[in-house]
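Have a look at the structure below, then the notes.
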Amino acid sequence: MLKQFLEYARYLKPVMKLFIAALAAGALAAAASGFGFPLMIAKVFPVVFDNTQIPPEFQDFLARMVDPEHMHIAILVSICSLLPLVFAIRGIGTFFNVYWISIVSMKVLEEIRLDAFSKLQTLPLSFIDRQKRGDLISRLINDAANVQGGLVVAANDIIKQPLTLLTALAFLVYKVFVDPNTAVVLMNLGLIVLAVWPIRFFGRRVMKKAKQAQDELGNITAAAQENLASQREIRSYGMQEQQVGLFLGLIQRFFRINLRTVKYRHFLVPVLEMVTALGLGILLVRGHEMGITKADFTALAAALFMCYDPLKRLGVTLTNLKSAHASLERINYLLKEPDTMPEAADPVPLGRATGQLDYDGVSFSYDGARKVLDGIDVHIRPGEVVGLVGPSGAGKTTFASLLPRFYDVSSGALRLDDVDVRDASLHDVRKNIAFVSQHPVLFHGTIMENIRMGRQDATDEEVMEAARAAAADGFIMGMPDGYQTMLGDGGSGLSGGQRQRVAIARAFLKDAPILILDEATASLDAESEAQIQHELDRLVEGRTALIVAHRFSSIRVATRILVFEGGRLVGDGTHAELYASCPLYRELYDRQSL
């Protein structure tokens, strides 16, 4: 476990000075607790309760500052002032230890979350497709926060508590050295060793259950996200009660697992307190037999408490670390996921492409077993507008998705301007491609910001020109705040056609030489499709275009059509050629013409 935490020590580098200062503050608090507190009792109680004389040199020091008639009260005040002094040192050390460690842990949490989120931006889509989105969110948010909580507790106590234990033991050794009658306290050291066993026993069980609890929390987050994204379907099919039942089952399972974690975590404390009470009982019996004074007994009892209390706190810390370790494993699942689509070590520069595409014996499989594309050989000339048709699941969208390297070919090669897309940088490949999907994604922000995603350095005038080209300027200017109108998640507040126009404006603004239209009008009604189709026809002018077609009306501008069936290319030509020679194409076309 410690080895895995040490792997993350690099996150401490930017805040190492503050981390060391926090540990030093904890060490100061530990010294005040473990040695200063028992020593204060040993020195103050005899003077206050047994009229023991203070050292002569201290009396001489006070005599030079205080009238003889006030000597007694001066001695009492001076001795008793040790009490607030020790607690002040302990309190100041504890405050800065906790405060500085909190800053360090928040910075570490910030970096871990950023690294995990950044890794998600580069992992292949095939990895994202296999995951529950809510579980990924839970790893980023809940697990990272759990790691932070474990680090805060651990960093607060991992130095302070052992030092408290060691300084308390040092005081016990000191007392035995100056007064052999107090050697009875050494019998309690065996109990300190005994206290280690329950810490190890419960710690192992906490880690196992904490991992299961975090997995279940991920499932709950995934279920909630799926439910919120599917409210129209759930309500239209009357599935509310079923969804509540499914969610209830998940939270009840989480409750049962989490309850076991709580049981193991908190059962440790009473076990250690029983060991502490046993030690104090032994001290009472043997101390009475040996004739130890009340002051010595109180000091020894305080020192023993300062031995057992750190063990109890370390036990709690260990269980928290075990829980944090379980979350760390879930974060590691992201951070250590191998990149199956790495950038080329020495990428071939790729400027603005002409748009020539070559699929050379391309095959692809999502799962490594069933081929979605099988032996595709296609040459596409610059500026050619190519329609992709075929039954659902034939491989049309996959064919287009390989070009921007959403996925990499399983075998064969895909070249852009005679450069294998795997040999160029992802940035160079994708800057040459604009993409408009069936369900355009709009982000929370203004309409201006959403269009500007096509080209981040575009001016406001260029954004508005792109909107005019997409025939979006009219409805945008009709909104209360125009281009500064805020959109909700997913572009809520806009109709389907309006969202599609914003996406088309984004593509106009990017002005890439290659365009992918993935069933861009499939979700629109006939009237909206007819309106949008005019802008799409303008968009493809002068560009190489791949148009994934659900409706044949969307490929009327295509100069060439590819027909897919079962992952294979079964037709290639113009509409007239395919209608005459390709039975599948003729069947699909006639079906829509009815």
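No value in this document is a laboratory result; all are computed from the given coordinates. Everything numeric in this text was worked out from a predicted model, so none of it was measured. For neighbour counting, all protein chains shown are included, and Cβ atoms are generated from backbone atoms with ideal geometry for every residue, glycine included.
Some values worked out for this structure:
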| read-out | value |
| --- | --- |
| Per-peptide average of other Cβ atoms within 10 Å, ordering 131-138, 494-501 highest first | 494-501, 131-138 |
| Listed peptides 468-475, 254-261 by packing density, highest first (mean Cβ within 10 Å) | 468-475, 254-261 |
| Net lengthening on full extension, Ile20/Asp572 (0.36 nm per residue, minus Cα-Cα) | 191.8 nm |
| Asp481 versus Val441: modelled label distance in nm, points set 7 Å from Cα along the beta carbon direction | 2.3 nm |
| Over the stretch 357-593, equivalent-ellipsoid semi-axes from the Cα gyration tensor in Å | 31, 21, 15 |
| Under Karplus coefficients 6.51, -1.76 and 1.60, residue-wise ³J(HN,Hα) of the stretch 576-590 in Hz, glycine/proline x | 5, 5, 6, 5, 7, 10, 10, x, 5, 4, 4, 5, 5, 5, 5 |
| Amide H contacts of Leu487 (H built 1.01 Å from N, under 5 Å, at least 5 apart or other chain) | Gly445, Thr446, Ile447 |
| Per-peptide average of other Cβ atoms within 10 Å, ordering 505-517, 370-382, 397-409 highest first | 505-517, 397-409, 370-382 |
| Contour excess over end-to-end distance, with Cα ends at His427 and Tyr174 and 0.36 nm allotted per residue | 84.2 nm |
| Inter-centroid distance (Cα atoms) of the stretch 91-138 relative to the stretch 496-519, Å | 34 Å |
| Cross-link table Lys17/Lys160; Lys107/Lys322; Lys107/Lys336; Lys13/Lys431, entries beyond 29 Å C-alpha to C-alpha | Lys13/Lys431 |
